[in-house]
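A quick write-up on the structure given underneath.
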Amino acid sequence: MEHKKGELYIGRLSDTGEPLTIKADNLTTHGVIVGMTGSGKTGLGVNILEEALLSDIPTLIIDPKGDMGNLLLNFPDHDPAEFEPWVDEAKATRKGVTLAELAATTAANRQAQLLEHDTSPDRMRQLKENSEITIYTPGSAAGVGLNILGSLKATDLDWAKDAEIIRDEIEGFVSSLLLLAGVESDPVSGPEHILLATIVETTWKAGKDLDLAGLIGQIPKPPFRKLGVFDVDTFFPAKKRMNLALKLNGLLASPSFAAWMEGEPLDIEALIGRGDKTKCAVIYMAHLTESERQFVVTLLLSKLVTWIRAQPGSSELRALVYMDEAFGYVPPTAEPPSKKPIMTILKQARAFGVGMLLVTQNPVDLDYKAMSNAGTWIVGRLQTENDKRRILEGMQRIDEAGVSINLDALISNLEKRQFILHSAKKSKPKLFKRRRSMSFRIGPLTRDQVANLMGDKRPTPAPAPVPEVVLDPATTGDDDTVPVAPSVAEGVAVRYLDPGTPWAGEIGADPTGTRFEAAAAATVQLLYDDTRAGVRHTETYEGIIFPLDGLVDARDVVAVDHDDRDFGAEPPEGATYATGDVKLQNKTFWTGLESDLKTHLVANRQVQVFHNTDLKLYSRVGESEDEFTARCKAAADDAADAAMAKLVDRYKTKIDRVKGQISTADARARELEGDASAKQQEELMSGAGDLLGALLGGSKRSNPLGKAASRRAASQKARARAEAAADKLTAKQVELADLEDELSNAIVEITDEFADLADSFETVDIGLEKTDIRVADIKLVWVPR
């Protein structure tokens, strides 16, 4: 199969087996990949990135989990020796083979699989030779360092033309810095944010560079007297400014913070600009906390926005931004610092030929507006009906051709590694199975593995001194480790973290490390009890507390699904132990730890239910929004029926009475109409010829005119009575019609009122009390670092 430049080969159609490609330029309108864990979405993302690099499209990869460095594991020759360092030693042990044998089998299998998918060694070699893939590790020296705080260098942009661009970049930097320091401050109204942003802007406008130390030094005495219409001391008092400066200074003084200011400067052109080879910058963040990741993503993308706006317009894909596991960076309700630059890229970057591809497990975790800006959707297996509903809504919005196809059924029946491609540029969705990745994917890379891959690009560190072996556990020697594990309080089990534990990376464990630090693994029984909501829900919580530094806060507690398979009873060979300052041997330490854990869970753990106040209904724990809405609708229908029944009963008496009156009036009108007709007939018949007869008959004194007038008067009276009766009948008929109109309007009002009640509900958090928490088990776990 011939692969054309600009055509991204991602797999084969499920119905015909024909190769499926997407035009690279289609991604200027951005894309979304969704799929649950195990659906194959990471492999699909790797495929797209490989194809982009083959089409000379630079890529910027935001990698929270550490998977995307696998792009470097490209072995065109399928030499087992190249695979051997990367195959799973535990797998070789289970199979009873050597690493070399497992590597040989793996190489042969991969070569066969790749050829099945039209991926030749020449194509793999082209990818390897023509691309330059670099793993950047901000805050760490494992890969190529990235001097995040170098972004305080004064901008080269023109303030007169580009003030909005520059201020957006400043806002991103300040928001990230405050987040890293644990300071909550709104960019529009927060005095901390406004002060720091104004200091940076004032310094930059003066054409001066700034570093973090210089920024902190200006907080007590800013280079201006007023903020808005108030003087600085009124807007942000000196004492509070000093507290902010001390807090940021503590961040700067931390030894671990030094890594944030080392490495290459944060320069987008250097990361993905044009060069001899197509550049791919992988921003590895597996070692960072959530707040540190927000810090990096916000600064990186704020710089990217500035770079994008400096590029000429283009309809071709100039660069691709790939964001793996986008959860938490552009949520539907909250406003983390990262959200603004992401939304800016999604709304504006297409005009400059820059596309963004967001990858997530749960589409409900992405902002509606972000998803609506994506023109290409690739959907794999989903975890919940709510996820599927959100995806169906989004896919229908971009269906410009109005294709009638049962997407619901397609999504529900997806297999592993099978996806639906839906694009605004395509006539209908495509069902396909992704191709094999050219890269050998081994999962998230450890920092040691990153260091191995980036060995030729990192500066050579000075050799570390060999520590003296200390046999006395009470003596720490030159560092804080001892070769003998410290004693632990009686009754507390001691375990060692298994290197293959799936969640080890979440707490920063290094599977190859021999220096162990103390953690606690807890199993806790939780009871969410709310009588008013009718909730009595039990849950087993499992988590790791790390590090054990005597103080439990939100950053120390990580919820993980652990079991006995994750822990071993025996220490690995060559293990040393970080002693720390906590008294592991004291029972009071462990009771205090349990109490702190309970306090943490009370503050941070809750379940959510829906509450419809008008209908006085609560959802059950785990009941979906759609299910609760259906239940509310049924309750509203029942209430509407009851209200209508009362209304009908009230109107029935009135209507029956008027109907009776109509019947009586109708009979009377008929009677009087008959009498009037008879009188009129009598008048005509009796009076006809009376006058002439009287004159010819000879009695002139007889008054025939008087007789005729008398008969006429009687006839007129009868007619008047008949008309009055008819009017009364008409009035009653009008009254009946009015009553029926009133009843009809009242029914419509009831229907509308109760229809609205079904959709009116709110989310209620049901928290915990300490008495609702029972620590079933807590053990000491030594974690390799």
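Points worth noting:
- Counting charges near Ala755 (Lys, Arg +1; Asp, Glu -1) among other residues having Cβ under 10 Å from its Cβ returns a value of -4.
- For Val535, nonlocal amide neighbours, meaning residues 5 or more places apart or on other chains whose placed amide H falls under 5 Å from its own, are Asp530.
- Counting Lys and Arg as +1 and Asp and Glu as -1 over every other residue whose Cβ lies under 14 Å from the Cβ of Gly353, the net charge comes to +2.
- Cα-based helix-to-principal-axis angle, 191-205 vs the chain, degrees rounded to 10: 60
- Placing unit charges on the Cβ atoms only, positive for Lys and Arg and negative for Asp and Glu, gives the range 20-101 a dipole magnitude near 480 debye about its Cα centre.
- In the context of the full set of protein chains, residues of the range 90-140 present 50 Å² of accessible surface per residue (probe radius 1.4 Å, heavy atoms only).
- Helix 238-253 and the longest principal axis of the C-alpha atoms of the chain enclose an angle of approximately 50°.
- Rolling a 1.4 angstrom probe over the protein heavy atoms with all chains in place gives the range 593-646 an accessible area of 54 Å² per residue.
- Greater than 24 Å apart at Cα, pairs in Lys128/Lys428; Lys339/Lys457; Lys41/Lys369; Lys4/Lys279: Lys128/Lys428; Lys339/Lys457
- Net charge contributed by nearby residues that have their C-beta within less than 10 Å of Gly6 (K/R +1, D/E -1): -2
- Shape category assigned to the range 564-617 from the gyration tensor of Cα positions, a/c cut at 1.5: prolate
- Nearest-ten-degree value, helix 625-687 long axis tilted from longest Cα axis of the chain: 10
- Cβ-derived FRET efficiency at R0 60 Å, Asp122 paired with Thr771, nearest 0.05: 0.30
- At R0 = 56 Å, FRET efficiency that the Cβ-Cβ distance of Arg441 and Arg650 yields, to 0.05: 0.20
- Reach of Lys732 by Cα under 19 Å, taken over aspartates and glutamates that are not fewer than 8 positions away in the same chain: Asp656, Asp666, Glu671, Glu673, Glu723, Glu740, Asp741, Glu742
- MRE, 222 nm, helices only [DSSP H, n ≥ 4, -39500 (n - 2.57), over the chain, to nearest 500]: -13500 deg cm²/dmol
- For the peptides 45-51, 775-781, 20-26, the ranking by packing is 45-51, 20-26, 775-781, with the highest mean count of neighbouring Cβ atoms within 10 Å listed first.
- Zone residues, the range 293-307, relative to Asp156, backbone N less than 13 Å from point 7 Å out along Cα-to-Cβ: 307
- Greater than 31 Å apart at Cα, pairs in Lys247/Lys598; Lys91/Lys430; Lys340/Lys779: Lys91/Lys430; Lys340/Lys779
- Listed residue (Ala154, Ile199, Ser175) projecting farthest to the positive dipole end of the range 137-260, Cβ model: Ile199
- Overall form of the chain per C-alpha gyration tensor (a/c, 1.5; a/b vs b/c): prolate
- Unit charges on C-beta of K, R, D, E only; dipole of the chain, Debye: 3340
- Accessible carbon and sulfur surface of the chain relative to its total accessible area, %, 1.4 Å: 50
- Highest to lowest packing among 11-17, 716-722, scored as the average C-beta count within 10 Å: 716-722, 11-17
- Label-reachable residues, the range 516-534, where backbone N falls under 18 Å from a point 7 Å from Asp564's Cα toward its Cβ: 521-524
- Modelled FRET efficiency - R0 45 Å, Glu89 with Leu246, Cβ distances, 0.05 increments: 0.40
- The alpha-carbon of Lys23 sits under 13 angstrom from the alpha-carbons of these aspartates and glutamates, leaving out residues fewer than 8 places away in its chain: Glu7, Glu51, Glu316.
- Counting only lysines at least 8 places from Lys616 when in the same chain, those with an alpha carbon closer than 19 Å to its own are Lys633.
- Antiparallel beta bridges, as assigned by DSSP with both residues in the chain, represent about 60 percent of the total such bridges.
- Surface per residue (accessible, 1.4 Å probe) for the range 253-312, Å²: 38
- Packing order of peptides 531-539, 287-295, highest average first: 287-295, 531-539 (average count of other Cβ atoms within 10 Å over each peptide's residues).
The values are calculated or read from the model by the stated rules, or taken from the named source; none is laboratory data. Since this is a predicted model, take the numbers as computed values, not measurements. FYI the Cβ positions are ideal-geometry reconstructions off the backbone, even for glycines, and counts take in every protein chain you see. With ligands, DNA and RNA removed, areas are computed over all heavy atoms of the protein, side chains included. Shrake-Rupley method; radii C 1.70, N 1.55, O 1.52, S 1.80 Å.
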